[in-house]
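Worksheet: the structure to be examined is printed underneath.
Please treat every number below as a calculation from the coordinates, not as lab data. If you're wondering where the values come from, they're calculated on a predicted model, not measured in any experiment. Don't worry about glycine lacking a Cβ; one is built from the backbone with ideal geometry, like all the others, and counts go over all protein chains shown.
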């Protein structure tokens with residue numbers, strides 16, 4: 001489920017009624033909204049969790065079969081985004097410490113902690129600027145020289161994209177009273193739309209969008225599934241009812257391939273705490289389509305050229321993950337890759353897939369700091385192991401939160417600046 005760090009052992013203050021919840025949000029400093037959200041989060045996240053192995057960098061590259069381009073990376077090792085070629089050489093770096101981006105942020109000391117001092121996701125723009133999510137702490141834009149263009153201190157999380165109008169669309173979390181959870185404020189996820197200068201234009205609440213899907217029934221089924229499958233979730237995750245962890249806006253061609261009821265501009269989302277994916281109509285703010293399972297704790301659903309939906313299935317079994325494709329019309333699994341039995345795919349946290357122009361799939365195994373490019377028949381034609389280490393003894397591989405293959409339409413500025 002993305003990079004949410006569990007901050008404290010106690011539960012947040014309970015309260016009754018919308019007025020109490022809003023007052024709590026307004027007076028939560030100095031702990032801050034981010035810390036209160038973390039206390040309710042289903043899974044704690046760190047800069048790294050798996051023991052570091054000796055293998056590092058690009059260990060496999062078949063230039064005839066791997067998709068060309070550069071690799072845009074964010075990782076648990078620091079507040080940095082990297083642009084790396086197919087051989088593993090870093091060609092460009094963006095870096096900015098928290099205090100430079102958010103000098104007046106009430107959580108600036110807390111943001112320096114190792115488990116929070118990195119970027120969760122990054123969006124590269126054609127001029128070399130990037131838009132960045134600092135998980136639950138803010139959203140900001142840097143130019144190609146890492147100068148701050150603008151910054152919005154807010155609980156943005158997990159994912160962001162540009163829509164057809166050039167607006168920034170991202171996920172956001174806030175605590176509030178949610179209908180169907182009467183005991184105390186829970187985490188509400190929003191899809192937020194901003195203009196190019198970071199100003200909010202509109203938002204969609206997931207509890208509203210999923211109302212016609214009867215998300216409370218999906219929630220009950222999720223907890224039953226979780227117990228049967230051995231998810232081993234903390235009880236405080238009960239107040240993290242969606243944990244929306246991925247966002248993809250459908251292009252006209254993608255919507256056409258998927259067919260009815262999908263439309264261009266719809267948001268394909270993943271909700272790990274429902275074991276569900278859905279397509280949200282961004283105009284009406286309601287779900288057009290949804291499916292729960294057979295995947296579990298999943299991430300990053302994406303449309304494929306043949307009209308399927310592919311995703312990173314975190315819980316194939318208790319100790320294996322998979323890359324799973326399904327037909328959204330029949331709701332049946334069309335293919336699944338788990339890796340060889342001696343080295344299966346596995347990431348408890350996060351994970352990504354990207355459908356590449358040549359038909360291959362780029363897979364990010366976050367916990368192990370590994371990325372694989374797979375052909376249609378499951379052959380590995382490119383493989384990267386993070387060289388970055390974290391924790392006091394530098395004995396853990398940094399979580400690889402994102403690695404995206406980008407083409408010349410987003411990297412032309414690089415040659416011009418050399």
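The figures follow:
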quantity	calculated
Translational diffusion coefficient (Stokes-Einstein; Kirkwood radius from C-alpha pairs) of region 352-414 at 20 °C, 1.002 mPa s, in µm²/s	165
Order of 325, 335, 270 under a 10 Å beta carbon neighbour criterion, fewest first	335, 325, 270
Neighbour-count order for 242, 262, fewest beta carbons within 10 angstrom listed first	262, 242
Per-residue Cβ neighbour rank within 10 angstrom, fewest leading, 333, 353	333, 353
Anisotropy class of region 292-418 from Cα gyration tensor, a/c 1.5 cut	oblate
Contour minus Cα-Cα distance for residue 306 and residue 143 (0.36 nm per residue)	55.0 nm
Zone residues, region 107-129, relative to residue 163, backbone N less than 20 Å from point 7 Å out along Cα-to-Cβ	122-126
Mean Cβ count within 10 Å, highest first, over the residues of peptides 49-57, 112-120	112-120, 49-57
Expected 222 nm ellipticity per residue - DSSP helices of 4 or more, -39500 (n - 2.57), all of the chain, to 500	-3500 deg cm²/dmol
Long-range Cα-Cα pairs in the chain (distance over 36 Å), rounded percent	19
Gyration tensor verdict on region 58-151 (Cα atoms; rounded if a/c is under 1.5, prolate if a/b is larger than b/c, oblate otherwise)	prolate
Estimated inter-spin distance, residue 99 and residue 317, nm [label 7 Å along Cα→Cβ]	5.0
Distance (nanometres) between label positions extended 7 Å along Cα→Cβ at residue 87 and residue 330	4.5
Centroid-to-centroid separation of region 213-252 and region 87-145 [C-alpha atoms, Å]	28
Inter-label distance for residue 200 and residue 212, nm, one decimal - labels placed 7 Å from Cα along Cα-to-Cβ	2.5
Peptides ranked, highest mean first, by Cβ atoms within 10 Å: ranges 61-68, 129-136	129-136, 61-68
